[in-house]
Amino acid sequence: MLGKLAAWMRIIGCDVLYFKKISGDELIEQALQEGRIILTRDTLLIKRRKAKNHFFIHDDHYEKQLKQVVEHFKIDPFKNIFTRCLLCNTPLEDIEKEFVQGKVPSYVYETQQNFKICPSCNKIYWQATHKGCVVRQLTAIFSN
C-alpha cells in the first residue's frame, strides 16, 4: 500500500521496513518489538488491532505522503540521501574502487571514483546521473 513511500524514505536515508504481505498482528508485534512506527493508510488496522504506534498517511500520492512524513517527523530529506540500500534497507559502506572491478559496467568503473556497497545483499552503488534527478525531484516536492 505504501511501497513507493517506503522506497523514497530509504532514498532519503530513513530506516524503513516494508512488507508486501504481513498480517496486521505480525506487523504490530514487530513494530512494538523493534520500537518502530507503523506508517499506514489502513484505518481497519488502527481500529481493529488498536495499533498505538502508528502514523496515518492521508494522501494517495507518494510525493504528498513523503512530504507529510518528513514534515511531521522533522526529517531533513537531503541530509542522509543515498545512505541505505534501496533493496534491503541496510546502511551502505564505502568500498575501494579496485574491489568493484568486474562487478560494475566498464564505463562506470572508468568514470567513477567512489563506490558504496550493501554489506547484506552486496549491491554496489555509485553516484550516477540519477542522483541529480532525485535531488531535483525532492527539491520540487519540498518547495511546494
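Points to keep in mind about this one:
- Number of positions in region 25-58 that are at pLDDT below 85 and of a type in the set (Gly, Ala, Ser): 1
- No other residue among 79, 103 is basic (Lys, Arg) and either surrounded by 11 or more Cβ atoms within 10 Å (Cβ to Cβ) or at positive phi (or both) apart from 103.
- Unmet requirement for residue 65, which otherwise passes all of (1) touching a Leu at 6+ places or on another chain (Cβ under 6 Å); (2) loosely packed, with under 11 Cβ neighbours inside 10 Å: (2)
- Residue pairs meeting the criteria (Cβ under 7 Å; at least 6 apart or on separate chains; first closer than 20 Å to residue 108 by Cβ and assigned to a helix (DSSP H, G or I), in region 120-144; second among the aliphatic types (A, V, I, L, M) and at pLDDT 90 or above): 134/11
- Qualifying residue in region 84-97 (condition: touching a Pro at 6+ places or on another chain (Cβ under 7 Å), buried (at least 18 other Cβ atoms within 10 Å of the Cβ), more than 22 Å from residue 41 (Cβ to Cβ) and modelled with pLDDT of 95 or more): yes
- The single residue among 41, 48, 10, 36 that is in contact with a Cys (Cβ under 8 Å, 6 or more places away or on another chain) and of a type in the set (Lys, Arg) turns out to be 10.
- Under the condition of being in contact (Cβ under 8 Å) with a residue 40 or more places away in the chain and either farther than 27 Å from residue 138 by Cβ or of a type outside the set (Phe, Trp, Tyr) (or both), the residues counted in region 1-46 number 16.
- Matching entry among 32, 45, 39 (being closer than 19 Å to residue 10 by Cα and hydrophobic (A, V, I, L, M, F, W, C)): 39
The values are calculated or read from the model by the stated rules, or taken from the named source; none is laboratory data. Everything numeric here is computed off the predicted structure, so don't read it as measured data. Cβ coordinates were reconstructed from backbone atoms using ideal geometry, including for glycine residues, and neighbour counts include every protein chain displayed.
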